[in-house]
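Trainee: For reference, the structure I am asking about is given below.
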């Protein structure tokens with residue numbers, strides 16, 4: 001019984017330490033810090049919007065980028081076109097074609113990396129267009 005209790009205590013300690021380490025690691029990942037044209041999750045975005053600009057927490061390696069489907073699937077996806085990092089490498093822009101009265105999502109994936117090769121925390125861009 002003592003061995004079981006010792007083993008159970010060791011497992012709980014390991015879980016706590018791993019959780020703490022994971023939280024610290026996640027905090028240090030590069031992130032998307034801003035969508036310049038609107039607040040993420042916004043409603044009534046003008047469907048004539050033709051460009052979206054992202055700001056990252058630090059300069060990124062411009063050789064890597066990636067976008068994917070959001071949780072709602074391809075019927076809510078907007079196409080990312082003409083993607084480019086700006087000169088400071090902390091900002092990027094891309095062209096979009098939007099339709100009125102639609103819910104959109106796209107996932108900024110871990111394919112993005114900073115200059116040290118550390119992958120970005122995934123970031124879901126989500127918004128609704130107006131009429």
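The values are calculated or read from the model by the stated rules, or taken from the named source; none is laboratory data. Since the model is a prediction, treat every value here as computed from it, not as a measurement. Note that we place each Cβ from the backbone using ideal geometry, even for glycine, and neighbour counts take in every protein chain shown.
Trainee: Mind listing whichever residues of the stretch 68-79 are farther than 12 Å from residue 104 by Cβ and not in a loop (DSSP other than H, G, I, E, B)?
Mentor: 68
Trainee: How many of the residues in the stretch 45-60 are more than 13 Å from residue 31 (Cβ to Cβ) and in a strand (DSSP E or B)?
Mentor: 4
Trainee: Further question: So residue 33 clears everything in (1) within 14 Å of residue 104 (Cβ to Cβ); (2) assigned to a strand (DSSP E or B) except one condition, right? Which one?
Mentor: Result: residue 33 passes all but (1).
Trainee: Kindly indicate whether any position in the stretch 78-92 is crowded, with 17+ Cβ neighbours inside 10 Å and more than 20 Å from residue 33 (Cβ to Cβ).
Mentor: yes
Trainee: Among 81, 102, which is the only one that is at pLDDT below 95, assigned by TED's automatic domain parsing to the domain that holds residue 43 and over 27 Å from residue 28 (Cα atoms)?
Mentor: From the options 81, 102, the qualifying one is 81.
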